[in-house]
């Protein structure tokens, strides 16, 4: 494969990656909005599905990952999440928005745009 073919193949893979990512985000939004599922549950389900699929493509239907395989995939997730955060920061800065990373609260939770609503729901469900 020459350099031009290699670049063309990379562009095709990037386009396929972007289509798949968009499809997963669309599905997550549909579950959260149209089916009124908790965004934390939707996020956890996406991570679980990704873990199941990563295990399948690595070990097949009848296998599982050794601890070193789990670590390798976890490192890939961590690297990808870091990349996503850097891109988000660049996107905000390009719009002239001061990019501020979210930290954690005193209980170690990461605040989200929905954090107050979720906290109130958790507190009210404990009152029942």
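Scanning the stretch 35-42 finds one or more residues that are exposed (fewer than 10 other Cβ atoms within 10 Å of the Cβ) and under 30 Å from residue 122 (Cβ atoms).
Would you point out which residue out of 16, 48 is closer than 30 Å to residue 121 by Cβ and in a helix (DSSP H, G or I)? Even if it seems obvious, please write down each step before you answer.
Numbers: 16 fails: closer than 30 Å to residue 121 by Cβ.
Answer to the selection: 48.
Since every read-out is calculated from the coordinates, none of them should be taken as a lab result. Everything numeric in this text was worked out from a predicted model, so none of it was measured. So basically every Cβ, Gly included, is an ideal-geometry build from the backbone, and we count neighbours across all protein chains shown.
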